[in-house]
Amino acid sequence: MSDRLQQTRAHIVASAASLPERYYPQRRLADTIAEFITTNKLRFPVDLVHQLFENVRIAGRYFEFPVEGFCAPPLIADSAALAIEACVRHSEANVRRIFSETGLRARDVSMLASVTLTPAVPSIDARLMNRIAFRTDIRRLPLAGLGCMAGVAGITRVADYLDGHPDEAALLISCELSSGLWQGSVQADLRQMIGRLEQEPHLHSEIVMAIVTAALFGDGSGALLMVGRDHALAKCSAVRIVDSRSNWVPDTEHIMGLDYVDAGMRNILRPEVKTFVAEALGDVISPMLANHRLEASEIGHWTLHPGGPRIMDAAEMAFDLSTTMMRPSREALTDVGNISSATVLYMLDRVLRGERPPAETPGLIVAMGPGFSQEAALAVWN
């Protein structure tokens with residue numbers, strides 16, 4: 001192992017993750033969209049809906065919000081308020097679990113970072129502080145607009161802080177509720193676009209994209225406790241962060257993100273994303289590995305955000321990854337779908353509570369997000 005991998009910027013000590021109680025098999029969710037199209041007499045083939053849902057290779061997803069009222073959704077204002085409350089509730093449960101398992105107290109935490117796509121002002125972390133007695137002078141870091149990449153970006157930004165404050169502790173929380181879009185936005189968007197399809201045939205690709213994103217994203221939450229190298233809990237470290245890199249591809253903001261449309265919000269994930277994956281990941285990963293005199297083949301564990309099957313296929317080919325290296329990502333996608341920024345935290349929690357890689361195994365924690373942007377952390381498992 002490179003001597004430089006002995007350097008430590010921050011330690012990940014503990015994790016927690018939670019999923020909503022509602023679980024829907026993928027077939028049930030496809031039927032819901034198909035029934036909506038049929039009930040509203042919209043001219044779009046329902047067999048294509050089922051095919052698109054099958055193509056993302058997901059068995060089922062956990063939803064905070066029920067889909068039983070899909071044809072008569074609530075007001076967006078009502079579902080938005082419920083989403084904020086749910087994010088705070090899940091985050092509180094995850095943080096309290098970490099405190100219970102580590103013995104750390106809220107007043108021992110110096111930084112509270114949060115990532116979510118749920119619009120909330122004040123932010124989720126501020127609302128959480130009214131339920132857990134953190135210090136009033138705690139440093140807060142709410143990160144917005146980073147989408148799927150935000151979980152890894154949160155890890156690297158907290159590591160940056162702890163590198164300069166090595167005797168302190170920080171928490172990173174994430175909660176994503178994509179089922180909130182099923183509470184009116186998806187319905188109105190499909191109704192409007194399909195209604196205009198005959199006059200505007202170019203909308204077919206937009207409709208397909210809307211259905212694919214509805215087939216891909218699920219709900220979930222996660223939290224990490226991270227400490228500096230001089231903190232007392234560093235000796236309990238599960239994995240340590242030794243380096244990180246960021247990358248941004250110019251003029252690609254249109255291929256991934258969330259757009260505000262008349263119907264509410266539209267999830268954007270265009271097919272051309274896969275054409276950028278190999279080069280973009282190379283630009284964020286390769287220089288970091290070279291800095292530590294490592295080859296991609298020496299990375300023993302990949303925590304790669306499962307953006308979707310084609311994105312994972314492109315990453316697998318670009319780095320010649322084995323079935324074993326891709327297994328955590330593919331299993332996460334199959335089991336829970338893409339839960340945006342919370343996915344990587346959920347994946348890390350599965351590893352920390354299961355069979356960990358051997359000690360001193362180099363690992364990468366990687367995600368991509370709107371921009372089109374990439375974030376990577378180089379880690380060593382303890």
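Only one of S178, S174 is crowded, with 17+ Cβ neighbours inside 10 Å, modelled with pLDDT under 95 and within 29 Å of I76 (Cα to Cα); which? Spell out how you get there, then give the answer.
Working: S174 fails: modelled with pLDDT under 95.
Criteria check complete, one pass: S178.
What is the residue count in the stretch 120-159 for residues that are of a type outside the set (A, V, I, L, M, F, W, C) and in contact with a helix residue (DSSP H, G or I) (Cβ under 7 Å, 6 or more places away or on another chain)? Steps first, answer last, please.
So the first thing to find is which residues in the stretch 120-159 are of a type outside the set (A, V, I, L, M, F, W, C), and the list is 122-123, 125, 127, 130-131, 135-137, 139-140, 142, 145, 147, 151, 154, 156-157.
Checking the rest, the ones that are also in contact with a helix residue (DSSP H, G or I) (Cβ under 7 Å, 6 or more places away or on another chain) come to 127, 131, 135, 140, 142, 151.
Residues flagged as of a type outside the set (A, V, I, L, M, F, W, C) and in contact with a helix residue (DSSP H, G or I) (Cβ under 7 Å, 6 or more places away or on another chain) within the stretch 120-159 amount to 6.
Restricting attention to the stretch 135-157, the residues that are surrounded by fewer than 24 Cβ atoms within 10 Å (Cβ to Cβ) and farther than 17 Å from G257 by Cα total 10. Looking at the stretch 117-134, can you tell me whether even one residue there is within 22 Å of A10 (Cα to Cα) and over 21 Å from the mean Cα position of the chain (by Cα)? Scanning the stretch 117-134, I find at least one residue that is within 22 Å of A10 (Cα to Cα) and over 21 Å from the mean Cα position of the chain (by Cα), so the answer is yes. Considering only residues in the stretch 40-71 that are assigned to a loop (DSSP other than H, G, I, E, B) and β-branched (V, I, T), the one that is farthest from E21 (Cα to Cα) turns out to be V56. Just need a number here: residues in the stretch 1-34 that are farther than 27 Å from A359 by Cα and at pLDDT below 95. Result for the stretch 1-34: 0.
Do we find a residue being under 16 Å from I311 (Cα atoms), in contact with a helix residue (DSSP H, G or I) (Cβ under 6 Å, 6 or more places away or on another chain) and not basic (K, R) anywhere in the stretch 356-367?
Narrowing the stretch 356-367 to residues under 16 Å from I311 (Cα atoms): 365-367.
From what's left, in contact with a helix residue (DSSP H, G or I) (Cβ under 6 Å, 6 or more places away or on another chain): 365, 367.
From what's left, not basic (K, R): 365, 367.
Taking every residue of the stretch 356-367 in turn, at least one turns out to be under 16 Å from I311 (Cα atoms), in contact with a helix residue (DSSP H, G or I) (Cβ under 6 Å, 6 or more places away or on another chain) and not basic (K, R).
Do we find that I132 is buried (at least 22 other Cβ atoms within 10 Å of the Cβ), assigned by TED's automatic domain parsing to the domain that holds A86 and farther than 20 Å from G257 by Cα in this structure? Here the answer is no, as I132 does not meet what is asked. Kindly indicate which of R229, R240, R245, R196 is surrounded by fewer than 19 Cβ atoms within 10 Å (Cβ to Cβ) and within 29 Å of V284 (Cα to Cα). Testing whether each residue is surrounded by fewer than 19 Cβ atoms within 10 Å (Cβ to Cβ) and within 29 Å of V284 (Cα to Cα) leaves just R229.
Here's a check for you: in the stretch 281-295, which residue that is among the aliphatic types (A, V, I, L, M) and surrounded by 17 or more Cβ atoms within 10 Å (Cβ to Cβ) is modelled with the lowest pLDDT?
In the first step, residues of the stretch 281-295 are kept if they are among the aliphatic types (A, V, I, L, M); the result is 281, 284-285, 288-290, 294.
Filter once more, keeping what is surrounded by 17 or more Cβ atoms within 10 Å (Cβ to Cβ): 281, 284-285, 288-289, 294.
Values: L281: 88, V284: 92, I285: 93, M288: 94, L289: 93, L294: 92.
So the residue we want is L281.
Counting the residues of the stretch 359-372 that are crowded, with 24+ Cβ neighbours inside 10 Å and more than 12 Å from V344 (Cβ to Cβ) gives 1.
Of the conditions (1) under 18 Å from D349 (Cα atoms); (2) in a helix (DSSP H, G or I); (3) not aliphatic (A, V, I, L, M), R89 fails just one. Which one is it? The one condition R89 does not meet is (1).
Residue-wise test of (1) closer than 23 Å to D47 by Cα; (2) touching a His at 6+ places or on another chain (Cβ under 7 Å); (3) assigned to a helix (DSSP H, G or I); (4) aromatic (F, W, Y).
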site: A170; (1), (2), (3), (4): no, no, no, no
site: W182; (1), (2), (3), (4): yes, no, yes, yes
site: R191; (1), (2), (3), (4): yes, no, yes, no
site: Q199; (1), (2), (3), (4): yes, no, no, no
site: S205; (1), (2), (3), (4): yes, no, yes, no
site: A210; (1), (2), (3), (4): yes, no, yes, no
site: T213; (1), (2), (3), (4): yes, no, yes, no
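Residues in the stretch 296-317 that are in contact with a Gly (Cβ under 8 Å, 6 or more places away or on another chain), surrounded by fewer than 17 Cβ atoms within 10 Å (Cβ to Cβ) and hydrophobic (A, V, I, L, M, F, W, C): none. Could you check M256 against (1) surrounded by fewer than 20 Cβ atoms within 10 Å (Cβ to Cβ); (2) on the phi < 0 side of the Ramachandran plot and say which number it fails? Answer for M256: the failing condition is (1).
Scanning the stretch 110-122 for residues that are out of contact with any Asp or Glu (no Cβ under 8 Å at 6 or more places or on another chain) and surrounded by fewer than 22 Cβ atoms within 10 Å (Cβ to Cβ) yields a total of 4.
The values are calculated or read from the model by the stated rules, or taken from the named source; none is laboratory data. Keep in mind it's a predicted model, so treat the numbers as computed, not measured. Counting neighbours? That spans all protein chains shown, and the Cβs are built from the backbone with ideal geometry, glycine included.
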